[in-house]
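Participant: The structure follows.
Rule-based calculations on the coordinates, nothing more; no lab input. Nothing here was measured: the structure is a model prediction, and the numbers come from that model. Virtual Cβ from ideal backbone geometry, glycine too; neighbours counted across all protein chains shown.
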Amino acid sequence: MDMLKQVRVSIVIPVYNEAAHLPACLDAIAAQTIRPYEVIVVDNNSTDGSAELAGAYDFVTVVHEYRQGVVHARNLGFNTATGDVIGRIDADTNLATDWVQTVQVLFDDTELDAVSGAVSYHDLPWKYFLSKLDLTFRSWIASGMGDEVFLFGSNMALRRSAWLKVRNSVCSAKGMHEDFDLAIHLHGIGCSVTFDRRLQAEVSLRRFNTSLQEYWHYVWLSPETYRMHGRVAHRRMYPVVALVVSHYWLIKLLLLSYDPHERTIAFRNLWLQRAAVRVDPTSYVD
């Protein structure tokens, strides 16, 4: 246990109008079996009181990034973090209670530079089955990417030393996923990036609560981010992208007919008031 405590884990959360989801996210951090070294919420011009809400937690440091875009908020958070390892999650991520401890265990391997983990969905029914299905797809993609494994911004961690090596070269343009771009730049300098199912979190599938055209644009940019960097690993993603998009209406119906508070599936739930859809991180960049 003394060895585990030597790995100081910072957690960075970019936030733009996330007051509906942030309390559950921060409560999950407060419930960790091992307290993180620091928690940094990066407010990105929220107008719904997200910053004030985060500031009410005594273990949270709130900083402000005025350039709009999750990539700018992420960069400020990473640059502000002082831990040995920087965890990166979204405001709708609910971490498993042993998440910090798992990060410490994983990074006890001195060869590891960055890692993404498995997810389940807290706003969908049949959590066990769907999390296993998601894990199957993510593991299949990761296993076929060789040395080009992705990073998933809702559940990931990297060494601060690795971030310092790439922070001046990562991209900050529209039309790509900033987490995939980060993985690509880490690979470019020889860093070890992996996928490990032991790192677990619950996330939201609210991305489906958009039009089919908007969703298609969002998921298509996953392989496109790799293709734009000239990486052949993007080929592994296309079958999963096609499968998910072909089931868009079924997944959206399941999402909107489920009430996560009552844990019921019913057509009447289609008229429930839903939290605002997260702004597309691939397009909303100044």
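Participant: Let me check I've understood the local charge: for residue 229, count other residues with C-beta under 12 angstrom from its C-beta, Lys and Arg +1, Asp and Glu -1. What total comes out? If you can, show how the numbers build up before the last one.
Facilitator: Numbers: positive: 227, 231; negative: 148, 181, 224.
Net of charged neighbours comes to -1.
Participant: Rounded to the nearest 500, what is the 222 nm mean residue ellipticity of the chain from helices alone, with -39500 (n - 2.57) per DSSP H run of 4+ residues and division by all residues? It would help to have the intermediate numbers written out before the result.
Facilitator: Values: 11 runs with 108 residues, N = 286.
Theoretical 222 nm ellipticity from helices: -11000 deg cm²/dmol.
Participant: Let me ask something additional. Please sort by residue number the trypsin sites (Lys or Arg not before Pro) in the range 108-148 whose DSSP state is loop and whose Cβ has at most 11 other Cβ atoms within 10 Å. If you can, show how the numbers build up before the last one.
Facilitator: Working: sites: 127, 132, 138; in loops: none.
Counting only loop positions with at most 11 other Cβ atoms within 10 Å, none of the trypsin sites (Lys or Arg not before Pro) in the range 108-148 qualifies.
Participant: Here's something else I'd like to know. Using DSSP to call loops (not H, G, I, E or B), can you name the chymotrypsin sites (Phe, Trp or Tyr not before Pro) in the range 116-157 whose Cβ has at most 14 other Cβ atoms within 10 angstrom? Mind dumping the intermediate values first?
Facilitator: Values: sites: 121, 126, 128, 129, 137, 140, 150, 152; in loops: 126, 150, 152.
Passing sites in the range 116-157 are 126.
Participant: Gaussian network model of the chain, Cα springs within a sub-10 Å range: biggest mean-square fluctuation belongs to which of 250, 53, 205?
Facilitator: Answer for the Gaussian network model of the chain: 250.
Participant: Moving on to the next point. What share of the DSSP beta bridges in the chain is antiparallel, in percent to the nearest 5? Don't jump to the answer; show the numbers that get you there.
Facilitator: Working: 12 of 35 bridges.
Given both bridge residues lie in the chain, the antiparallel proportion sits at roughly 35 percent.
Participant: Let me ask another. Could you compute Rg(Cα) / (2.2 N^0.38 Å) for the range 1-155, with N its residue count?
Facilitator: Normalised Cα radius of gyration, the range 1-155: 1.06.
Participant: What size of dipole, in debye to the nearest 20, comes out for the chain about its Cα centre when the only charges are +1 on Lys and Arg C-beta atoms and -1 on Asp and Glu C-beta atoms?
Facilitator: On the way: 27 positive and 32 negative charges, 137 e Å.
Magnitude of the dipole: close to 660 debye.
Participant: Highest GNM mean-square fluctuation, the chain, Cα pairs closer than 10 Å: which of 123, 109, 27?
Facilitator: 109
Participant: Rounded to the nearest whole Å³, what is the per residue volume of the convex hull around the Cα atoms of the range 140-194?
Facilitator: Per residue, the Cα convex hull of the range 140-194 comes to 88 Å³.
Participant: Viscosity 1.002 mPa s, temperature 20 °C: what is the translational diffusion coefficient of the range 65-148 from Stokes-Einstein with a Kirkwood Rh over Cα pairs, rounded to a whole number of µm²/s? Write down the numbers at each step before the final one.
Facilitator: Numbers: Rh = 15.4 Å.
Taking Rh from Cα pairs, D becomes 139 µm²/s.
Participant: Let me know the number of lysine pairs in the chain closer than 29 Å at the Cα, not counting same-chain pairs under 8 apart.
Facilitator: Values: 5/165; 127/252; 132/252; 165/174; 174/252.
The number of close lysine pairs in the chain is 5.
Participant: Can I ask one more? Relative contact order for the range 2-205: what is it in percent, counting Cα pairs under 8 Å that are at least 6 residues apart?
Facilitator: On the way: 423 pairs, mean separation 52.3, N = 204.
Contact order relative to length: 26 percent.
Participant: Right, next: Using mean Cβ contacts within 10 Å as the protection proxy, how do 260-270, 175-185, 217-227 order, highest first? List each step's numbers first, then the result.
Facilitator: Working: 260-270: 11.3, 175-185: 23.5, 217-227: 19.6.
So the peptides 260-270, 175-185, 217-227, ranked by packing, come out 175-185, 217-227, 260-270.
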